[in-house]
Amino acid sequence: MWLLYKEFKLDDIIDTSLEALSDFIVKSSKNRFDDPTLIADKIKKAARSSFRLSKTAYDLINLSLASSINVIKCYENEIKEIDEAIILQVDGFNKNHFDVLLSIPGIGKVYAAGILAEIADINQFDSDDKLGKFAGIIWRNHPSGSFEGDDTQMTKTCNKYLRYFLIKAANMARIHNPVYISRLLTKEIQ
């Protein structure tokens with residue numbers, strides 16, 4: 001979408017060399033793609049096989065895409081401003097607790113601030129079990145006689161905001177922490 005909006009029309013994509021399109025992708029994406037030449041090749045193939053529209057329809061679609069991109073930019077700016085406002089509130093939190101959360105790869109300032117906003121002071125919980133129960137990240141235990149089922153549901157009584165922040169933060173840590181990444185790669189190889 002950005003490709004059509006910023007620089008190229010469909011015919012320009014087809015006529016541009018693979019190297020020039022690849023360079024544009026590297027520059028526009030801030031080098032986020034492992035193989036920009038492969039991406040450029042796929043874009044060129046998609047452009048060649050796409051259906052050609054009349055000039056009036058093409059302009060209308062471009063206008064619609066440009067409008068959608070402007071809305072996305074507006075939301076991105078709003079999210080950035082809200083994140084900055086959240087981070088300003090961190091001054092009221094325990095700085096040590098905040099720093100500990102930030103030391104976990106993948107957990108940023110916003111998730112750390114959200115967790116601390118809901119917990120207030122970690123020392124108010126006598127054990128990690130009580131914190132887990134407050135956050136709603138425990139599973140119900142309903143044994144029947146000597147039978148205890150393996151498939152139990154997570155509790156629904158909790159602080160839903162803390163649960164959200166903890167689950168999101170854990171997922172980000174899973175994605176960004178090298179220890180978890182290497183474990184996932186080892187499992188995929190096996």
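Among the residues of segment 56-70, not a single one is loosely packed, with under 10 Cβ neighbours inside 10 Å and either touching a Cys at 6+ places or on another chain (Cβ under 7 Å) or among the charged types (D, E, K, R) (or both).
Count of segment 35-55 residues, restricted to those that are assigned to a helix (DSSP H, G or I) and either surrounded by 10 or more Cβ atoms within 10 Å (Cβ to Cβ) or of a type outside the set (Ser, Thr, Tyr) (or both), is 14. Go through segment 1-23 residue by residue and tally those that are modelled with pLDDT of 85 or more, outside any loop (DSSP other than H, G, I, E, B) and out of contact with any helix residue (DSSP H, G or I) (no Cβ under 6 Å at 6 or more places or on another chain). Final tally of qualifying residues: 3.
The values are calculated or read from the model by the stated rules, or taken from the named source; none is laboratory data. Model, not experiment: these values are computed from the prediction. Reconstructed Cβ throughout: ideal geometry from the backbone, glycine too, with neighbour counts over all protein chains shown.
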